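Below is one structure, written out as structure tokens; comments come after it.
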Amino acid sequence: MNNSVTNTARLLWAGLRALLVLTLVTGVVYPLVVTGVAQAAFHNKANGSEIKADGKVVGSSLIGQQGYSLDYFQGRPANGLGSNSVNTRYKLILSGATNLAADNKVLIKQVKDAKAAVVKDNSVPGYTVTPSQVPADAVTSSGSGLDPDISPAYAELQVHRVAAKNDLSVAQVEKLVKDHTSGRTLGFVGEPRVNVLELNIALKELTKGS
């Protein structure tokens, strides 16, 4: 009986020690080491890839923003985002796709309406956009609905409107787009892209100096 109690106590103490050691290693030491390495080697990414303007954080390079006026470059549509009915104090952005098939009537109407709006909004005196010029990313949302980038083709399509709205030359705005166009990752992964938030911040700075 005594041996049984002793053995049980020994096993419980061994288990408790293992729990304490593992809690210390995996719950304290490991997170601190990973956090320290991330902050030292990848500071910006570890803190959400924040973008600052005028000394303030205005967004993240990983998350697209909606609601730009036509004075600025427009991002991709976000038709798949859900609505926030739980936390009414803050306007939460919910990630999600439309999950609609390519032949779905709702999706087809969304695309047609979006294409008509792109043609109308970006046709300015001396420059008329045709439906065939509108790229796919101008009228469809990404899988998450939060894509921060647009294609160079969509950015180029908006150049004349942005130039006219901000009293800039087309050449100035074209250079802005070119300077903010990123190539394929490692030279072969993905497609060339333009970060809309970074581009619009640069546009704002350009208009300040014009």
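Things to note:
- Helices (runs of 4 or more DSSP H) enclosed by the range 1-110 - at least 2 residues per element that are at pLDDT 80 or above, surrounded by 10 or more Cβ atoms within 10 Å (Cβ to Cβ) and among the hydroxyl-bearing types (Ser, Thr, Tyr): 2-24, 30-41
- Matching entry among 36, 48, 64 (being touching a Pro at 6+ places or on another chain (Cβ under 9 Å) and either more than 30 Å from residue 138 (Cα to Cα) or of a type outside the set (Phe, Trp, Tyr) (or both)): 64
The values are calculated or read from the model by the stated rules, or taken from the named source; none is laboratory data. The shown structure was predicted, so the numbers you read here are calculated from the model rather than taken from an experiment. Glycine gets a Cβ as well: all are built from the backbone with ideal geometry, and neighbour counts include every protein chain shown.
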